[in-house]
Amino acid sequence: MKSNFSKWINQSSKPFLIAGPCSAETHGQIMQTAQGIATYFPDAIFRAGVWKPRTRPGAFEGIGQEALLWLDDMRQQTGLRYAIEVATSEHVELALKHQVDVLWIGARTVVNPFSVQHLADALKGVTHIPILIKNPIHPDVNLWLGAIERIYNSGIENIAAVHRGFYKYGQTRYRNYPAWEIPVQLKTIMPDLPLFCDPSHIGGKRKLIAPVAQQAMDLAMDGLMIETHCNPEQAWSDASQQITPKELLKLINGLNIANSEADEPNGELNILRKSIDIIDDELLSLLNRRNALSHKIGEYKVKNNITILQIRRRKNTLKNQLKQAKTLNLNNDFIKAIYQTIHDESIRIQSEIKKSKSTKKKL
Ligand code: PEP
Ligand code: MN
């Protein structure tokens with residue numbers, strides 16, 4: 001998947017940055033915030049929500065169309081490109097009229113395939129504007145992938161994904177739980193798709209933005225979307241997670257941006273990786289030998305009419321394995337999860353044997 005983003009990312013200083021307020025509030029707020037951002041990050045993309053999807057009615061739902069005039073003015077005066085959220089075909093139509101540089105589809109829209117398809121249809125033939133696709137609210141990589149495919153299928157190649165965390169029932173440290181394995185899965189499926197992180201909506205609090213941004217950089221994400229406001233405490237939406245342009249500068253300068261390229265063929269990293277590959281091969285052949293034994297056990301149990309699950313045996317072996325793991329300094333939860341999976345596989349194999357034997361008997 002080719003993307004304008006890839007071009008911009010390569011040309012930009014690291015990390016690639018999308019910064020600006022949660023919502024456009026006033027012409028003055030846009031200008032003051034943008035001037036700060038442009039001073040420190042002239043190649044950033046300025047973000048501002050013009051229509052805001054709010055959980056409850058009555059909250060500030062965005063300025064609407066008028067804010068596009070302020071953003072046009074901001075672009076002219078600062079030279080910053082800008083991004084807005086679109087959720088309906090009317091939003092797309094207005095965004096095109098104003099030649100908005102980048103559009104994003106929010107988490108609440110991405111959950112609904114009808115809404116995404118509606119946007120894909122409205123965007124048909126609009127190949128020049130890059131589209132950012134946030135993850136859906138729940139941690140379902142296929143739903144995220146589906147939204148990307150719908151937009152891609154309408155002829156748009158300039159796509160990037162944005163990880164903004166996931167809803168989790170109950171209290172967590174985060175506003176939206178990061179579930180890092182989900183963006184990693186997406187990156188594995190679509191390695192060429194640029195992937196950004198939005199630490200503001202993940203953290204929900206100023207102090208969590210830096211550690212979340214650092215984790216995103218450590219996972220080789222391509223850039224950051226950070227809510228930035230000239231006067232965060234007084235923001236009309238998401239006040240607790242916005243930072244000033246100066247704080248943004250400090251945050252970005254404090255990040256450790258490691259090299260995402262692997263080292264040369266005979267470098268230390270590759271030698272270590274080769275050793276890991278050998279161990280992985282050994283693990284596979286051990287699992288293969290183990291499964292063969294499960295198979296024999298399954299046949300014995302059918303012949304002697306013994307239940308597949310022997311709960312005392314399962315409990316005791318797990319207890320012994322965890323004891324042994326402790327002496328080897330292996331993490332308890334890690335070994336527990338592995339052994340439960342291995343034992344579940346053994347049950348599956350034995351159930352298959354039982355099923356095939358009883359079908360044979362019936363025949
Ligand atoms: C936003 O970026 O302002 C926003 C509403 O984000 P999300 O769709 O991730 O909740
Ligand atoms: Mn916000």
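A straight chain from Gln117 to Thr172 at 0.36 nm per residue would run longer than the Cα-Cα distance by 16.6 nm.
Please report, largest first and rounded to whole Å, the three semi-axes of the ellipsoid equivalent to the range 1-103, where each semi-axis is the square root of five times an eigenvalue of the C-alpha gyration tensor. Walk me through the intermediate numbers first.
Values: eigenvalues 103, 56, 33 Å².
Over the Cα atoms of the range 1-103, the ellipsoid semi-axes are 23, 17, 13 Å.
Computed from Cα atoms, the angle from the helix 27-40 axis to the main principal axis of the chain rounds to 70 degrees.
Consider all pairwise Cα distances in the range 268-362 and report the whole-number % of them above 21 Å. Please list the in-between numbers first.
On the way: 2133 of 4465 pairs.
Of all Cα-Cα pairs in the range 268-362, 48 percent lie more than 21 Å apart.
Here the calculated FRET efficiency for Lys205 and Ala292, from their Cβ-Cβ distance with R0 = 45 Å, stands at 0.30, rounded to the nearest 0.05. Comparing mean-square fluctuations of Asp140, Asp263, Asp192 from a GNM of the chain with C-alpha springs under 10 Å, the top value falls on Asp263. Extending 7 Å from the Cα toward the beta-carbon at both Ile278 and Tyr339 defines two label points whose distance is 2.8 nm.
Here the alpha carbons of the range 198-329 define both size measures, Rg and Dmax, at 25.9, 76 Å.
What FRET efficiency comes out for the pair Arg313/Val126, r = Cβ-Cβ distance, R0 = 45 Å, nearest 0.05? Could you put the intermediate results ahead of the total?
Numbers: r = 62 Å, r/R0 = 1.37.
That pair, Arg313 with Val126, gives E of 0.15.
Measure nothing but the geometry: give the 0 to 90° angle between the long axis through the Cα atoms of 66-78 and the longest principal axis through the Cα atoms of the chain, rounded to 10°. Between the helix axis and the principal axis of the chain, the angle is about 80 degrees. Taking the 1.4 Å solvent-accessible surface of the chain as the whole, the part contributed by carbon and sulfur is 53%.
A straight Cα-to-Cα reach below 18 Å connects Lys354 with the aspartates and glutamates Glu299, Asp344, Glu345, residues fewer than 8 places away in its own chain not being considered.
At q = 0.11 Å⁻¹, what is the base-10 log of I(q)/I(0) for the chain according to the Debye formula with one equal point scatterer per Cα and no solvent? Please give it to two decimals. Values returned for q = 0.11 Å⁻¹ are -0.83. Of the cross-linked pairs Lys7/Lys246; Lys296/Lys323; Lys7/Lys207; Lys52/Lys134; Lys301/Lys326; Lys168/Lys250, those separated by over 24 Å at the C-alpha level are Lys7/Lys246; Lys296/Lys323; Lys7/Lys207; Lys301/Lys326; Lys168/Lys250. If you run the Gaussian network model on the chain, springs between alpha carbon atoms under 10 Å, then out of Gly204, Gly20, Gly125 the most flexible one is Gly125.
Mind checking which of Ala59, Ala213, Ala122 has the largest fluctuation in a GNM of the chain, springs on alpha carbons under 10 Å? Checking each option, the largest mean-square fluctuation is seen for Ala59.
Principal axis analysis of the Cα atoms in the range 126-173 yields extents of 41, 17, 10 Å, listed in decreasing size. Over all directions, the projected convex hull of the C-alpha atoms in the range 69-108 averages 2.9 nm² in area.
Which order do the peptides 8-17, 146-155 take when ranked by the mean count of other beta-carbon atoms within 10 Å per residue, highest first?
Values: 8-17: 16.5, 146-155: 18.5.
Ranked from most to least packed, the peptides come out as 146-155, 8-17.
Taking the Cβ of Leu272 as the centre, find all other residues whose Cβ is under 15 Å away and add up their charges (Lys, Arg: +1; Asp, Glu: -1).
Values: positive: Arg273, Lys274; negative: Asp263, Glu264, Glu268, Asp277, Asp280.
Combined, the nearby Lys, Arg, Asp and Glu give -3.
The values are calculated or read from the model by the stated rules, or taken from the named source; none is laboratory data. Predicted model only: the values in this text are computed from it and were never measured. Every residue, glycine among them, receives a Cβ derived from its backbone with ideal geometry; neighbour counts consider all protein chains shown. Areas reflect the complete protein model, heavy atoms only, side chains present, ligands, DNA and RNA absent. Shrake-Rupley method; radii C 1.70, N 1.55, O 1.52, S 1.80 Å.
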